[in-house]
């Protein structure tokens, strides 16, 4: 009975967020006397969509063990969702979901959904990570829910049929290679269209948010609580915009600026790296006796750029592989957000330049190939039958498809931007601003989501985050007018909760357990333990490392 009562509520919520062809309010379903023919047609379309969506809500997941090696408490199922919510009677796709049930049903509040980031990150095994992270009381209060977003992993997967070389998208601007990079970008877009043209227009953040709401209704819940990391913060923010009445307790960790999705977020990697670089030169100079990189910030700066110039002229061999100046710039972009780690890896470069043996582990930041796909997923990631390029393909589907308006169709504009941004942000500006496949993508099927609402939520952010710099999270906090923000002063790494920091963990736990947001924005001090763990998790971020080892690596 409860599920039947929820069905029309879901239908109204979903149809209210779709294109103008469908109803934009419940009133549209019952036009007043004398309404125009077009209004009546809209109302009829809305009513039909409601009926069509009811059958999705009536699904009963068939829970079973996620795999032979998966822990018994984690159960998986597959439900159907509309490929296109504007036409719910049309084609259906699979949505893979998972659950760990509350340990105390009599104390249960509802469900806690989670997302590890991406776009393209599989989330089926996120409940295991949350189970390890959450306090006992929270595990009693919530069923822990995971899912592979549409297009990803065990859900109906998208593919472009890309080779490993084609997945390499972090390409520095060079006049002699730019035409080849343009050809690469157009080839990737063409291959994606050829392989997954029917799916691509519908692999968007807005549709994933709609899937979340459909999942909520299928599970028989009136509201949804959520913990989202990195890209997952944008997904969560879009959900609160489309379904404000459905959002219960939303934690948004390491946040995306919604106004800069997505070209601007890639460019944030360049902009955010420059102050981090300056901080590193000061830190290393103060410890010149240890690292011998220079006893002033200017000398440390010179040490780095001299090595870049040398590697440009003749690659430096590290752990048996040639490292170019571009490799040094790209690798140091992420490393400088942890001054200690950046100092350690540059010491290894100096040693290599002098013909000395180096640490293979430290060399990885420069020698691991840059690929648009993830660096590697956590245990229990997508099954073997998932296309090898699925993470990259789903990344481009969202990054290009969420908002095509931010991507110029003129290749020469990317050349100009790359040249200009290399001057403004010499570490990474040309990587971030040069040509991407989105230049050749089809126009977005829907308008971009304008995030601006009063839903109560909690934004948590490290001050020194290489993937979503602090100003990015501050922008999301401003857009979410009902939110409070916890900033970890001096905090390093991508992903805050949990970190063992009683200040930040306490704020998140109080909110999840009691719904209590801080009275005002608060600042916590980083702990040596949390920053040490961030340094241990540093890796070559083909796209960034995961917030924690248990979560699948993500991009934003």
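Listed values, structure above:
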| item | result |
| --- | --- |
| Condition met for residue 450 (part of a loop (DSSP other than H, G, I, E, B) and at pLDDT below 95) | no |
| Filter result for the condition that a residue is touching a strand residue (DSSP E or B) at 6+ places or on another chain (Cβ under 7 Å) and more than 30 Å from residue 261 (Cα to Cα), over 74, 95, 144, 113 | 74 |
| Hey, residue 88 touching a residue at least 12 places away in the same chain (Cβ under 8 Å) and either buried (at least 20 other Cβ atoms within 10 Å of the Cβ) or not assigned by TED's automatic domain parsing to the domain that holds residue 142 (or both) or not | yes |
| Hits in the stretch 54-80 (condition: within 15 Å of residue 211 (Cβ to Cβ) and not in a loop (DSSP other than H, G, I, E, B)) | 56, 57, 77, 78, 79, 80 |
| Condition met for residue 342 (closer than 23 Å to residue 300 by Cβ, modelled with pLDDT under 95, crowded, with 22+ Cβ neighbours inside 10 Å and outside the structural domain of residue 123 (by TED's automatic domain parsing)) | no |
| Residue among 550, 461 that is at pLDDT below 95 and either crowded, with 18+ Cβ neighbours inside 10 Å or within 25 Å of residue 333 (Cα to Cα) (or both) | 550 |
| Listing of strands (runs of 3 or more DSSP E) fully contained in the stretch 454-535 that carry 2 or more residues being more than 25 Å from residue 240 (Cβ to Cβ) and either within 19 Å of the chain's Cα centre (by Cα) or outside the structural domain of residue 278 (by TED's automatic domain parsing) (or both) | 484-492 |
| Check on residue 157, closer than 20 Å to residue 446 by Cβ, crowded, with 19+ Cβ neighbours inside 10 Å and either touching a strand residue (DSSP E or B) at 6+ places or on another chain (Cβ under 9 Å) or free of Cβ contacts under 8 Å to residues at least 12 places away in the same chain (or both) | no |
| Residue satisfying condition, being modelled with pLDDT of 95 or more and touching a helix residue (DSSP H, G or I) at 6+ places or on another chain (Cβ under 7 Å), within set 194, 183, 189 | 189 |
| Test: residue 183 is more than 30 Å from residue 488 (Cβ to Cβ) and either assigned to a helix (DSSP H, G or I) or assigned by TED's automatic domain parsing to the domain that holds residue 77 (or both) | yes |
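Residue-wise test of (1) modelled with pLDDT of 80 or more; (2) more than 14 Å from residue 124 (Cβ to Cβ); (3) buried (at least 18 other Cβ atoms within 10 Å of the Cβ); (4) assigned by TED's automatic domain parsing to the domain that holds residue 97.
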{"site": "377", "(1), (2), (3), (4)": "no, no, yes, no"}
{"site": "380", "(1), (2), (3), (4)": "no, no, yes, no"}
{"site": "388", "(1), (2), (3), (4)": "yes, yes, no, no"}
{"site": "398", "(1), (2), (3), (4)": "yes, yes, yes, no"}
{"site": "402", "(1), (2), (3), (4)": "yes, yes, yes, no"}
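The values are calculated or read from the model by the stated rules, or taken from the named source; none is laboratory data. Since we're looking at a predicted model, the values are computed, not measured. Ideal geometry is used to build each Cβ from the backbone, glycine not excepted, and the neighbour counts take in all protein chains shown.
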